[in-house]
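Undergrad: One structure, pasted below without further comment.
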Ligand SMILES: [Zn+2]
């Protein structure tokens, strides 16, 4: 059992393990802390979402849905391996589960699998998992045939190892939701014992370190936020073109021609669509880029 990581330490642990992290706006203060305990934590639960598409899944996991308020996890793991952080604190992901599983995870005393769970949300012997586990929702239809791309499995391995390393846990602290509750079948399509082997193999090595000049970087460099004043001048820059291309790719185009290098009204209207898509409203969705929306847009580095 351990004290949960702060948001800064959480992000740092993931990045040190080589995870590509996107901080969804508002995630640092988004939780269910008024509705039960958060911590001490003892492990990580892996889920599948029964959904397709990254942006809508991230929104759903941030907001929750009728009868189950968000956050529905701490991070959403996209098919491309990107991890979108949506919650910091207690989250509605684990629900009730089996105390025998909890004991086995705390002591990390089990073989390939923890004891088969006999409890679930609302059953008489169930214990609260939302206070004890970090949760990651992986974008997958959960039908057993929707593929799990290597990049996504790699990200599951890395986020799990990152939290185990930060807390001094072994890979037996990482379980699937179906190993926690007898009502659940997620994650479906890969084997948790194999994933635990991967996590343990990673933990046995030193953490991944960025190799700045070792050939091509694994993650494309991104354009840092140029500051709000950059857009208030009549700016002409390849950064504006790169931004416009990303807005088009995100389905946020108000362009009739272009995008081009000179900041204009079509850029502002397109950017406002992007801010709206991220959940910003009113003056926060005025089309003038801010740091959070800019970083979420992931504009490629151009100069
Ligand atoms: Zn689940």
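A short reminder: the numbers here are calculations on the coordinates, not readings from a lab. Here the structure is a predicted model, which is why all the values come from computation and not from measurement. Positions of Cβ are backbone-derived with ideal geometry, glycine not excepted, and every protein chain shown enters the neighbour counts.
Undergrad: How far is helix 54-63 tilted, in degrees, relative to the longest principal axis of the Cα atoms in the chain, given as a value from 0 to 90 rounded to the nearest 10?
TA: Once rounded, one gets 70 degrees.
Undergrad: Separate question: Take the Cα pairs of the stretch 7-203, get the Kirkwood Rh, then feed it into Stokes-Einstein at 37 °C and 0.692 mPa s and tell me D in µm²/s. If you can, show how the numbers build up before the last one.
TA: Working: Rh = 16.3 Å.
D = 202 µm²/s.
Undergrad: Continuing with the same structure: Counting alpha carbon pairs within less than 8 Å and at least 6 residues apart, what relative contact order, in whole percent, applies to the stretch 228-297? Don't skip to the end; give the middle numbers.
TA: Details: 83 pairs, mean separation 22.1, N = 70.
Here the relative contact order equals 32 percent.
Undergrad: Find the relative contact order for the chain and round it to a whole percent, using C-alpha pairs within less than 8 Å whose residues are 6+ positions apart. Before the final figure, lay out the partial values.
TA: Details: 594 pairs, mean separation 57.4, N = 303.
Taking the mean separation of contacting Cα pairs over the length of the chain, I get 19 percent.
Undergrad: Taking the number of other C-beta atoms within 10 Å as the exposure measure, put 222, 85 in order starting with the fewest. Walk me through the numbers on the way to the answer.
TA: Numbers: 222 14, 85 23.
Fewest-to-most Cβ neighbours within 10 Å comes out as 222, 85.
Undergrad: Efficiency by 1/(1 + (r/R0)^6): what FRET value for residue 185 and residue 2, r their Cβ-Cβ distance, R0 = 30 Å, to the nearest 0.05?
TA: Numbers: r = 29 Å, r/R0 = 0.95.
Step by step, r from the Cβ atoms, then E = 0.55.
Undergrad: Over all pairs of distinct alpha carbons, what does the Kirkwood formula give as the hydrodynamic radius of the stretch 228-297, in Å?
TA: Details: mean 1/r = 0.0856 Å⁻¹.
Taking every pair of different Cα atoms in the stretch 228-297, averaging 1/r and inverting gives 11.7 Å.
Undergrad: Calculate how many DSSP beta bridges within the stretch 7-203 are antiparallel, expressed in % of all such bridges and rounded to the nearest 5.
TA: Details: 7 of 22 bridges.
Once the DSSP bridges in the stretch 7-203 are tallied, antiparallel ones form about 30 percent.
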